[in-house]
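A.B. asks: Got a structure here, written out as structure tokens. Questions coming.
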Amino acid sequence: MELLIKLLLLFLTALKTTQGSDSCNEVKHGHGYPYLHEASSFSQAEEEGFDYIIVGGGTSGCPLAATLSRNYSVLVLERGGSPYGNPNISHMQNFHIGLSDTSPSAPSQPFISTDGVINTRARVLGGGTCINAGFYTRASQRYVKTVGWDAKLVNESYPWVEQRIVHWPEVAPWQAALRDGLLEAGVAPFNGYTYNHLYGTKIGGIIFDKDGFRHTAADLLAAGNNDNLKVLLHATVERIIFERRGRRRRPTAVGVEFKDNSGKRHRALLNGGRQSEVILSAGAIGSPQLLQLSGVGPRKELKKLGIPVVIDNLHVGKGMADNPLNSIFMPTKKPVRQSLIQTVGITHPGVFIEASSGFSQSPNSIKCHHGIMSAEIGQLSTIPPGQRSLEAVQKYKREIKKNLPKEAFQGGFILEKISGPLSHGGLRLVNGDVHTPPVVTFNYFSHPEDLQRCVYGVRSIERVVQTKRFADLTVNDAYTMEALLNMSVQANVNLIPKHTNDTASVEQFCRDTVTTIWHYHGGCHIGKVVDGEYRVIGAARLRVVDGSTFNKSPGTNPQATVMMMGRYMGVKILRKRLGRAAGV
């Protein structure tokens with residue numbers, strides 16, 4: 001009997017671990033990753049300098065570092081911790097818990113744009129691949145051509161990622177319903193299982209395996225050379241170190257200054273080789289922010305903050321955009337299985353239709369988390385953007401949500417987002433402290449064409465939910481439709497507008513319910529901040545390789561292309577140094 005009790009306690013402990021935790025305490029990286037070290041262990045006296053210093057061990061930084069380390073010494077500086085051993089990152093069923101964790105060491109760092117939309121930045125090795133919905137799909141051939149990438153190398157770089165971390169999903173019932181509903185609503189043809197960006201309806205790849213275990217960009221580091229690769233965790237880079245060299249006294253990056261988790265400052269330097277480089281892969285917010293903190297940006301703005309100007313460039317931090325997302329919640333007759341994005345409808349007007357389900361109905365979700373569109377993840381969907389705040393999130397959780405019956409949370413979401421928004425904003429510093437979040441504006445729907453496409457997307461969702469496939473799933477017999485709708489409004493979820501034939505009404509719905517799916521980009525555009533090889537204009541030995549260089553987010557979901565880009569640029573750099581015979 002005593003043995004039975006011990007086994008039962010052991011089982012319950014394991015179950016609690018896989019179900020996750022609301023707090024994301026620091027996770028030790030263990031012995032399986034010899035290249036991982038705490039930043040506090042760094043000693044400049046012991047280092048002779050590096051061929052490459054990569055700022056940001058995220059979606060692009062990890063594959064870039066793995067590739068370059070095959071032949072050269074690489075130091076990666078990541079401000080967050082390790083993803084390994086953290087069940088809120090690793091297990092799909094904990095997606096909503098990990099994303100809603102706002103503790104100081106959490107892998108997800110919330111911020112609110114001036115538009116009033118609550119957003120998030122990744123703060124963990126592996127970047128956004130550790131906290132996103134896991135959908136994997138390539139950019140279109142047209143996108144690759146427009147950017148000017150080498151199509152052959154692109155088509156070699158995607159499979160390098162796919163072979164290591166990408167899986168085909170076992171299609172969940174909600175995703176199958178979306179597939180059938182899209183086809184019945186005319187979003188055709190059905191393109192089957194494919195990574196390719198094709199008009200119609202398809203099933204894409206995911207970075208969750210058959211057991212729901214997440215594989216991230218951090219896993220790609222295992223393809224590197226351990227003897228050449230060092231990754232420092234909790235290393236917050238404060239500025240790039242420049243020297244003026246040559247007859248033209250051109251600013252040349254020679255290293256970086258960073259703080260470790262105890263607050264101690266360190267310098268990491270390049271080894272002096274003629275082709276050694278500092279490469280920023282800190283993301284669409286981190287890279288333009290760090291450039292400005294280092295004196296590369298608009299002279300007037302930098303001087304106002306007392307930051308010495310190294311390169312006057314008006315375009316740093318400008319032209320940023322975020323793909324606006326609007327979602328519809330559909331109450332169902334009975335609980336639906338958890339699923340993140342597996343199915344997508346790709347329309348010619350540039351609207352993508354996707355879905356998620358089941359995260360709001362687990363016991364811990366009903367009490368405090370509402371899934372992908374939850375208030376706790378910053379999606380106070382029924383409150384107009386200007387009225388949203390983190391305080392409103394807590395009030396909703398404290399005073400409203402706990403009193404709602406579980407039927408209010410039973411169902412799934414259908415999402416519509418627009419590709420390549422024409423509405424743009426930007427980023428500006430508040431002060432010279434890297435720990436102070438910059439002010440970010442996206443100007444959602446400021447361009448009328450974006451609003452027109454949102455109207456098209458909402459009407460597309462209406463056509464899908466009116467199909468027989470979805471009619472068979474919705475409305476619980478225990479409640480009248482009116483009662484269920486009222487509960488859904490209280491539960492802070494969006495339902496189809498009553499008058500979709502009234503364009504003004506749908507436009508207002510788009511404005512009032514806009515949220516994000518974390519696909520923001522821009523701020524270091526090609527031709528304005530970096531050249532075609534991603535070298536910072538006006539500087540030497542400095543590049544930016546991440547989504548801040550994008551004019552438009554690639555594919556329906558960008559992570560595949562951002563990881564591909566890291567591999568692609570690593571191979572290009574090696575081939576330039578070693579010739580095409582480089583062993584990569």
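The values are calculated or read from the model by the stated rules, or taken from the named source; none is laboratory data. Small disclaimer: the values here were computed from a predicted structure and weren't measured. Note that we place each Cβ from the backbone using ideal geometry, even for glycine, and neighbour counts take in every protein chain shown. Please note that ligands, DNA and RNA were not included when accessible areas were found on the heavy atoms of the full protein model with its side chains. Shrake-Rupley method; radii C 1.70, N 1.55, O 1.52, S 1.80 Å.
A.B. asks: Name the single residue, out of those in region 283-318 being within 29 Å of the chain's Cα centre (by Cα) and open to solvent by 40 Å² or more (accessible area, probe 1.4 Å), that is farthest from Ser548 (Cα to Cα).
C.D. replies: For region 283-318, the residue satisfying everything is Glu301.
A.B. asks: Moving to a separate point now. When the residues of region 554-578 are narrowed to those that are crowded, with 24+ Cβ neighbours inside 10 Å and out of contact with any Ser or Thr (no Cβ under 7 Å at 6 or more places or on another chain), which ends up nearest to Arg138 (Cα to Cα)? Full working, then the answer.
C.D. replies: Filtering region 554-578 down to residues crowded, with 24+ Cβ neighbours inside 10 Å leaves 554-570, 573.
This time we only want the ones that are out of contact with any Ser or Thr (no Cβ under 7 Å at 6 or more places or on another chain), so: 558, 561, 569, 573.
Working: Pro558: 8, Thr561: 6, Met569: 17, Ile573: 22 Å.
In this case the residue turns out to be Thr561.
A.B. asks: Does region 167-183 hold any residues that are touching a Phe, Trp or Tyr at 6+ places or on another chain (Cβ under 9 Å) and farther than 21 Å from Arg214 by Cβ, and which are they?
C.D. replies: Ala177, Leu178, Arg179, Asp180, Gly181, Leu182, Leu183
A.B. asks: What is the residue count in region 187-239 for residues that are without any contact (Cβ under 8 Å) to a residue 24 or more places away in the chain and in contact with a Ser or Thr (Cβ under 6 Å, 6 or more places away or on another chain)?
C.D. replies: 1
A.B. asks: Here's a follow-up. Might you let me know whether region 225-248 holds any residue that is in contact with a His (Cβ under 9 Å, 6 or more places away or on another chain), of a type in the set (A, V, I, L, M, F, W, C), open to solvent by 10 Å² or more (accessible area, probe 1.4 Å) and farther than 15 Å from Gly56 by Cβ?
C.D. replies: no
A.B. asks: Next question, about the same structure. Going by the conditions given, is Ser90 open to solvent by less than 30 Å² (accessible area, probe 1.4 Å) and either in contact (Cβ under 8 Å) with a residue 12 or more places away in the chain or not acidic (Asp, Glu) (or both)? Break it down into steps so the answer makes sense when it comes.
C.D. replies: Values: open to solvent by less than 30 Å² (accessible area, probe 1.4 Å): yes; either in contact (Cβ under 8 Å) with a residue 12 or more places away in the chain or not acidic (Asp, Glu) (or both): yes.
When the stated conditions are applied, Ser90 passes them.
A.B. asks: Under the condition of being in a loop (DSSP other than H, G, I, E, B) and touching a Lys or Arg at 6+ places or on another chain (Cβ under 8 Å), which residue from region 201-220 is surrounded by the fewest Cβ atoms within 10 Å (Cβ to Cβ)? Before the answer, list the steps.
C.D. replies: Our first condition is that a residue be in a loop (DSSP other than H, G, I, E, B); within region 201-220, this holds for 204, 207, 209-212, 215-216.
Filter again for touching a Lys or Arg at 6+ places or on another chain (Cβ under 8 Å), leaving 207, 215.
On the way: Ile207: 28, His215: 19.
So, considering only residues that are in a loop (DSSP other than H, G, I, E, B) and touching a Lys or Arg at 6+ places or on another chain (Cβ under 8 Å), the one surrounded by the fewest Cβ atoms within 10 Å (Cβ to Cβ) is His215.
A.B. asks: Next question. Please return the ranges of strands (runs of 3 or more DSSP E) entirely within region 403-463 where 1 or more residues are more than 22 Å from Trp518 (Cβ to Cβ) and in contact (Cβ under 8 Å) with a residue 24 or more places away in the chain.
C.D. replies: Working: elements: 411-418, 425-428, 439-441.
Of the strands (runs of 3 or more DSSP E) lying wholly inside region 403-463, those with at least 1 residues that are more than 22 Å from Trp518 (Cβ to Cβ) and in contact (Cβ under 8 Å) with a residue 24 or more places away in the chain span 411-418.
A.B. asks: Which pairs have Cβ atoms under 7 Å, sit 6 or more apart or on different chains, and link a residue in region 307-334 that is at pLDDT 95 or above to one that is of a type in the set (S, T, N, Q) and buried (at least 23 other Cβ atoms within 10 Å of the Cβ)?
C.D. replies: Going by the 7 Å Cβ cut-off, the qualifying pairs are Val310/Ser294; Val316/Gln292; Gly317/Gln292; Asn323/Ser553.
A.B. asks: Hey, Ala45 hits all of (1) modelled with pLDDT under 85; (2) farther than 15 Å from Gly81 by Cα; (3) outside any helix (DSSP H, G or I) but one; which does it fall short on?
C.D. replies: (3)
A.B. asks: I would also like to ask the following. Among the residues of region 544-563, is there at least one that is under 18 Å from Ser287 (Cα atoms) and in a strand (DSSP E or B)?
C.D. replies: There is at least one residue in region 544-563 that is under 18 Å from Ser287 (Cα atoms) and in a strand (DSSP E or B).
A.B. asks: Also, quick follow-up: Of a type in the set (Phe, Trp, Tyr), open to solvent by 10 Å² or more (accessible area, probe 1.4 Å) and touching a helix residue (DSSP H, G or I) at 6+ places or on another chain (Cβ under 9 Å): which single residue out of Phe95, Phe42, Phe111, Phe50 fits that description? Let's see the steps before the verdict.
C.D. replies: On the way: Phe95 fails: open to solvent by 10 Å² or more (accessible area, probe 1.4 Å); Phe42 fails: touching a helix residue (DSSP H, G or I) at 6+ places or on another chain (Cβ under 9 Å); Phe50 fails: touching a helix residue (DSSP H, G or I) at 6+ places or on another chain (Cβ under 9 Å).
Just one listed residue meets the conditions, Phe111.
A.B. asks: Evaluate region 138-161: report whether one residue or more is over 30 Å from Gly200 (Cβ atoms) and modelled with pLDDT of 95 or more. Don't jump to the end; show me each part of the working.
C.D. replies: First pass over region 138-161, keeping only residues over 30 Å from Gly200 (Cβ atoms): none.
No, there is no match, as no residue in region 138-161 is over 30 Å from Gly200 (Cβ atoms) and modelled with pLDDT of 95 or more.
A.B. asks: Identify, from the list Lys498, Lys528, the residue that is modelled with pLDDT of 95 or more, open to solvent by 50 Å² or more (accessible area, probe 1.4 Å) and in a loop (DSSP other than H, G, I, E, B).
C.D. replies: Details: Lys498 fails: modelled with pLDDT of 95 or more.
Just one listed residue meets the conditions, Lys528.
A.B. asks: Sort out for me the strands (runs of 3 or more DSSP E) sitting completely within region 238-346 that have 3 or more residues that are more than 23 Å from Asp51 (Cα to Cα). Lay out the reasoning, then the answer.
C.D. replies: On the way: elements: 250-259, 265-269, 277-280, 318-320, 324-331, 343-346.
In region 238-346, the matching strands (runs of 3 or more DSSP E) lie at 318-320, 324-331, 343-346.
A.B. asks: Now, a different point. So which residues in region 165-179 are crowded, with 18+ Cβ neighbours inside 10 Å and of a type outside the set (A, V, I, L, M), if there are any at all?
C.D. replies: First, the residues of region 165-179 that are crowded, with 18+ Cβ neighbours inside 10 Å: 165-166, 169, 172, 174-175, 177-179.
Answer for region 165-179, where residues must be crowded, with 18+ Cβ neighbours inside 10 Å and of a type outside the set (A, V, I, L, M): Pro169, Trp174, Gln175, Arg179.
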